[in-house]
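Reading through the structure tokens given below for one structure.
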């Protein structure tokens with residue numbers, strides 16, 4: 001659902017002794033790709049927070065197929081698994097310049113009313129923006 005691409009290079013400080021992107025960086029990569037996905041459809045975290053809505057991550061899954069290496073130009077293809085309700089589930093595919101699939105991931109976030117500190121349904125305006133976004 002609405003796949004978007006985000007491009008970046010693996011930085012030296014993100015690598016381990018083997019010059020592979022350390023596994024701990026993938027949560028950050030996915031977060032950046034998710035924020036850019038939302039921005040590309042017209043939604044910002046700041047505007048949601050200003051409206052009293054948080055989106056905490058409640059689940060993160062990552063499958064490593066091949067390593068990303070220092071200075072590799074990576075592309076993360078981010079999409080939604082399904083129409084958001086109380087939860088919004090993002091899917092990620094990480095490719096290198098040779099278009100090899102390196103990593104897949106999935107994050108589940110829940111819409112939370114900041115005043116009540118309780119889960120809530122995806123607000124209609126956000127849902128409408130997502131569903132009307134062009135691919």
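Miscellaneous remarks
- For region 15-36, a residue qualifies if it is touching a residue at least 40 places away in the same chain (Cβ under 8 Å) and in contact with a helix residue (DSSP H, G or I) (Cβ under 6 Å, 6 or more places away or on another chain), and exactly one does: 21.
- For region 37-50, the count of residues that are closer than 28 Å to residue 113 by Cα, touching a residue at least 40 places away in the same chain (Cβ under 8 Å) and in contact with a strand residue (DSSP E or B) (Cβ under 7 Å, 6 or more places away or on another chain) is at least one.
- Test for residue 127: is it buried (at least 17 other Cβ atoms within 10 Å of the Cβ) and either under 18 Å from the mean Cα position of the chain (by Cα) or within 15 Å of residue 41 (Cβ to Cβ) (or both): no
- Unique residue being assigned to a strand (DSSP E or B), surrounded by fewer than 16 Cβ atoms within 10 Å (Cβ to Cβ) and modelled with pLDDT of 95 or more when the list is 103, 63, 107, 78: 63
- Per-region count, region 24-60, residues part of a helix (DSSP H, G or I) and under 13 Å from the mean Cα position of the chain (by Cα): 17
The values are calculated or read from the model by the stated rules, or taken from the named source; none is laboratory data. In this text the structure is predicted, and so the values were computed from the model without any measurement. With ideal geometry, Cβ positions are generated from the backbone for all residues, glycine too; neighbour counts draw on all protein chains shown.
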